[in-house]
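The structure appears right after this line, and notes come after that.
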Amino acid sequence: SAPPPRYRIGFSQCTNGDAWRQAMLAGMKKELSFYPEVSFRIKDAKYNSALQEQQIKEFLREGIDLLIVSANEAEPVTPIVEEVYNRGIPVVILDRRTTSKLYTAYVGGNNVEVGQQAGYYAAGLLRQRGRVLEVRGAPGSSPAVDRHRGFAQALAAYPGLRLVAEVNSNWERPSVLERLPQVLRQHPDVDLIFAHNDRLALGAYQVCKQLGLERRVKIIGVDGLPGVRGGIQLVQDGVITATLLYSPGGEEAVRTAMKILRKQPFAKENILSTMVIDSTNALTMKLQTEQLGAQQQDIQRQQELLRAQRATYSSQQNVLYVLAAA
Ligand code: FRU
């Protein structure tokens, strides 16, 4: 039988240095193991949009059949992604968008909705009255823009809720430790902090603790990862009050890419749903993700077994061949 066509997928990742991106990659690799005919390469732009542009150009030179991209910042990365698309190479945008409609499919959460849900949850927690501070993701990255827009929209429905301060970050905890203390000293009466991810939320908690504010200030994060420093654990430990689930979507991205490459029907917008994780459901979420992890390990063991059996089979074929030739 004819060998299956080989596909080359290039993945341009804005950063690969945190647990959420690691979970994304693990999901991709798991899904890719079902498509041995695919060669997959990742380039890590390390939060540098100029580097990301260069790396996508490298992909074009080396040759790819499909690009998966998480744009570090929407604007600067848009022209090169449009160029890829215009050359007829399908583009799957994963999590962080460009500013353009020129892409084949999107996989990821609806970040306006993530911000809105955070706003409604905050209103419930504060009984519609209080002062709110927002710790935003990196300026110019689409989730930071959209989470802010959704959050502000939701708060606007409650005249008793005021957004009194905003702090920009680079998505990582040290930037909060550096910038938040000064702002919080100016606004010691803040009741709630919405941080655009759980790493920032943990940083916000640490700053509140330094200033003796950790008992009064409630914190909401985003991501809801399982694992030791993940958002689910932070909720269980009472470090943050809630987090909005934001799935990394690695499996879904590869599945969509394969549909496109195999010319099967696919959806252009593949929105991964969000939900509030708080003390009422954190344990359930934790048990569920642990069970999922165990199932994934079972699948891996089965695949290894299958590989071993194939190897035995082909070596037996060789023995038969040698015997027949003798
Ligand atoms: C991981 C991350 C997540 C966040 C997402 C937004 O790199 O910072 O914490 O939800 O990117 O793109």
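No lab work stands behind these numbers, since they all come straight from the coordinates. Predicted model only: the values in this text are computed from it and were never measured. Glycine gets a Cβ as well: all are built from the backbone with ideal geometry, and neighbour counts include every protein chain shown.
Some observations on this one:
- Answer from Gly249, Gly203 - the residue that is of a type in the set (Gly, Ala, Ser) and on the phi > 0 side of the Ramachandran plot: Gly249
- Selected residue (criterion: farthest from Gln117 (Cα to Cα)) from residues of the stretch 227-252 that are of a type in the set (Gly, Ala, Ser) and in contact with an Asp or Glu (Cβ under 8 Å, 6 or more places away or on another chain): Gly250
- Filtered residue count, the stretch 233-244, keeping only those that are free of Cβ contacts under 8 Å to residues at least 60 places away in the same chain and either under 13 Å from Trp20 (Cα atoms) or within 14 Å of the ligand (Cβ to nearest atom) (or both): 3
- Qualifying residues in the stretch 187-232 (those that are basic (Lys, Arg) and surrounded by fewer than 24 Cβ atoms within 10 Å (Cβ to Cβ)) - the one nearest to the ligand (Cβ to nearest atom): Arg229
- Selection within the stretch 124-148 - without any contact (Cβ under 8 Å) to a residue 60 or more places away in the chain, more than 27 Å from the chain's Cα centre (by Cα) and at negative phi: Arg129
- Scanning the stretch 157-171 for residues that are away from the ligand (no atom under 16 Å from the Cβ) and in contact (Cβ under 8 Å) with a residue 24 or more places away in the chain gives Ala157, Tyr158, Gly160, Leu161, Arg162, Leu163, Val164, Ala165, Glu166.
- If you go through the stretch 5-26 and keep only what is within 9 Å of the ligand (Cβ to nearest atom) and surrounded by fewer than 15 Cβ atoms within 10 Å (Cβ to Cβ), you end up with just Gly17.
Every residue, every condition in (1) surrounded by fewer than 20 Cβ atoms within 10 Å (Cβ to Cβ); (2) of a type in the set (Lys, Arg); (3) in contact (Cβ under 8 Å) with a residue 40 or more places away in the chain, yes or no:
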{"site": "Arg87", "(1), (2), (3)": "yes, yes, no"}
{"site": "Gly109", "(1), (2), (3)": "no, no, yes"}
{"site": "Glu113", "(1), (2), (3)": "yes, no, yes"}
{"site": "Gly119", "(1), (2), (3)": "no, no, yes"}
{"site": "Arg173", "(1), (2), (3)": "no, yes, no"}
{"site": "Val176", "(1), (2), (3)": "no, no, yes"}
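- Filtered residue count, the stretch 1-29, keeping only those that are more than 14 Å from Ala257 (Cα to Cα) and either in a helix (DSSP H, G or I) or of a type in the set (Phe, Trp, Tyr) (or both): 8
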